[in-house]
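Peer 1: Before we start, here is the structure in question, set down as C-alpha cells.
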Amino acid sequence: MSVLRRKFGEDYQVVNTNRDMTFSAPAKKKRQRFVEKNGRCNVQHGNLGGETSRYISDLFTTLVDLKWRWNMLIFILTYTVAWLVMASMWWVIAYIRGDLSHGGHDASYTPCVANVYNFPSAFLFFIETEATIGYGYRYITEKCPEGIILFLFQSLMGSIVDAFLIGCMFIKMSQPKKRAETLMFSQDAVISQRDGKLCLMFRVGNLRNSHMVSAQIRCKLIKSRQTPEGEFLPLDQCELDVGFGTGADQLFLVSPLTICHEINTKSPFFDLSQRSLMNEQFEIVVILEGIVETTGMTCQARTSYTEDEVLWGHRFLPVMSLEEGFFRVDYSQFHNTFEVNTPPYSVKEQEEKSSLTSPNSFSVATPSSPQLGNGGRGGRRERLLSADYADHAEDQAFRLPSKLQRMSSTKEELLCRRLKTGPALPGGKASSTGDLPLSIQRLRSSSIPVVRQRQLDEQVQLLCLDGDAQEDKLEKHRLPAAISTIAAPTQTPVQIPLVGSRPEDNLPAKLRRMNANR
C-alpha cells in the first residue's frame, strides 16, 4: 500500500468493490438478471407445442447443446443397444440355420459362423468383428450368404454410429466455451470523466498467453420502456457505442484494457445523474468475440452489469508495471477502484448550465457617442455595415435616451440658423471669399476666365470639405429621416462678383502699381 501511495499520491484510496462493503447507494433488493455474470442467459423456452420436432430435425446440434451427463448417457445407451441388436441378429441366423442344435459342430457340418453355440458366443463374435480384434476362433464361412450380407451391414452401420457419436463428443469437448473462462471482466463498471467527458467504463482481460485474434467488443443496454404510442417494450435492447466509428471496439487483448462509452447526446445515459442512478433499473450486457489462436474457432464471452454494479465517481486501479525486460500485470488489483472527483450532474444538466452561463456571442450593437480620430470613424462605419444595426438603426433613432434627444435637437437648431444666415455647403459651413486662403484670393483676382474660376471654386470646395464629408454623412445616418433631409441642402456654386470691366481693375492698388511699373 505504501508503494501505491507513493505512486498515486497521499490522497489515493483503494475501494473494495465487494457487496458486503457498503457504498453510498441505498441497499436494493436483488432483482432478476437477464444475463448472469458468467454469461449464461437466464431465459427458458416453454409451451413450444408442435415446434418440438424442430429439435429432432437438427439432431446433431441438439446433442451438442445437451449437458454432459445427457451426452454420456446417450453415448453409452447407443453403443449398448447397437451391440445387443447386432448380436441378436447373428444369434437369429445361427438359430434359423440350426447351428445351435449341433453343439460342437462335427467335421462334416459347415455352420454359418464357426464356434457360435449360444447368444453369448454370438455377442462375442459381434464385438470381435466390430472392434476388428479377430481372435481367429470365430469366423464366417463361405456357406452362409446371409451372414456375409449382415457382416457388410454391420460394418456400414458401425462406421455411421461411430462417426456420429464420436463427432458429437469431439465437438462438445472442443467447444470454445471453456476458453471464455480465461477471459475476465471487471466486477463493476464505473462512471467518471476522461478527457473532459463523462464516460461509462469497465475492464476486460485475457489470462492466457495465446491471443484472441480479431477481438471485438459490443455492449447492449437492456431496459424496459414505453413508446409515445403507449406500447410497452419489455427488456428493450439498445446499442451502446464503444468506439464503432473510431475503431476502438477492435481490441488487441494482450494486457487488460478499459472499455469506454462516451456519454453524449446520442447516448441513452444522456440524462443519467448520480441521483437518478439510484432509482434506475437497467442492465448492460457486454459481449466479447474473437478467434481462438490455437484452434481457430470463434469464442464469445459475456457478462452483465446492473445499476447496482455501476459506481459513480470511481476509476480503475492501474495493474500494469514495468519490470526488467518485460511488463507485469497484477491481476490482484483487476477489480479494485478508487474514488475521483466527478460532477454529480448528468451531461444534459451540465450542457444546460453551461448554455445559461455562457455570454451571448450575437449581441446587437448600439450607437454610442462619437469618438475622436479615425478610430471613431471606423467604429461607426462597422456599426453601420453590421446586419443587426442596419435592421434596427431607424427604430433605435426614435428610441434614444433623453440626453441624446436633447443633443439631436441642439444640432437641428444649429442647422436651421445656418440655413437662415446664408447658403450652406455640404460640410455645414458658410462660403465667402474671406474664408478662402490668401493665395486662392489672389488667383481669383487674376486674369482668369469666369468659367475657369467656377472650376477652381469647385476644386476649392472639395479640398476644404473632404475632411468633413464622411463625418456629416455618418451624422445624417444617426439622425431621424426628417432632420437628414434638412441637413442636406442643395449645393450652389459660389461666385465672386467682379467690380471692373477688366480683370486688372479687380486687383488691389499695390498690385496695379506693380503691373504699371512692369
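Peer 1: Over segment 262-313, with the other protein chains present, what is the accessible area per residue in square angstrom, probe 1.4 angstrom?
Peer 2: That works out to 44 Å² per residue.
Peer 1: Let me make sure I get this right: for segment 257-319, a, b and c are the square roots of the gyration tensor eigenvalues over alpha carbons, sorted descending. Under 1.5 in a/c it's rounded, otherwise prolate if a/b > b/c, else oblate. Which is it?
Peer 2: Judged from the Cα gyration tensor, segment 257-319 comes out prolate (a/c at least 1.5, a/b above b/c).
Peer 1: Here's a follow-up. When you count, for each residue, the other Cβ atoms within 10 Å and take the mean per peptide, how do 174-184, 89-99 rank with the highest first?
Peer 2: Listed from highest to lowest mean packing, they are 89-99, 174-184.
Peer 1: Once you have all Cα-Cα distances for segment 227-270, histogram them in 10 Å bins from zero and send the whole-percent values.
Peer 2: Going from the shortest bin to the longest, the percentages are 21, 38, 26, 12, 3.
Peer 1: How long is the gain from Thr62 to Asn209 if the chain were fully straight, where each residue apart is worth 0.36 nm and the alpha carbon distance is subtracted?
Peer 2: My answer for the length gained is 49.6 nm.
Peer 1: Leaving ligands, DNA and RNA out of it, report the carbon-plus-sulfur percent of the accessible area of segment 181-337 at a 1.4 Å probe.
Peer 2: 48 percent
Peer 1: Whole number in Å², please: accessible area per residue of segment 108-170, 1.4 Å probe, ligands, DNA and RNA not counted.
Peer 2: Per-residue value: 58 Å².
Peer 1: For a protection proxy built on the mean count of beta-carbon atoms within 10 angstrom, sort 222-234, 328-340 highest first, please.
Peer 2: The densest-packed peptide leads the list: 328-340, 222-234.
Peer 1: Of the heavy-atom accessible surface of segment 59-162 (probe 1.4 angstrom), what whole percent is carbon and sulfur?
Peer 2: Percent of accessible area from carbon and sulfur atoms in segment 59-162: 72.
Peer 1: Further question on the same structure: Rounded, prolate or oblate: which fits segment 31-86 when a ≥ b ≥ c are the square roots of the eigenvalues of the alpha-carbon gyration tensor, with rounded for a/c under 1.5 and prolate only if a/b beats b/c?
Peer 2: oblate
Peer 1: Moving to a separate point now. Using the 2.2 N^0.38 Å rule of thumb for compact globular proteins, work out how segment 68-137 stacks up: its C-alpha Rg over that value, please.
Peer 2: Computed over Cα atoms of segment 68-137, the ratio equals 1.33.
The values are calculated or read from the model by the stated rules, or taken from the named source; none is laboratory data. Not measured: the values here are computed from a predicted model. Backbone-built Cβ (ideal geometry, glycine too); neighbour counts: all protein chains shown. Accessible surface is based on the protein model in full, side chains and every heavy atom, while ligands, DNA and RNA are left aside. Shrake-Rupley method; radii C 1.70, N 1.55, O 1.52, S 1.80 Å.
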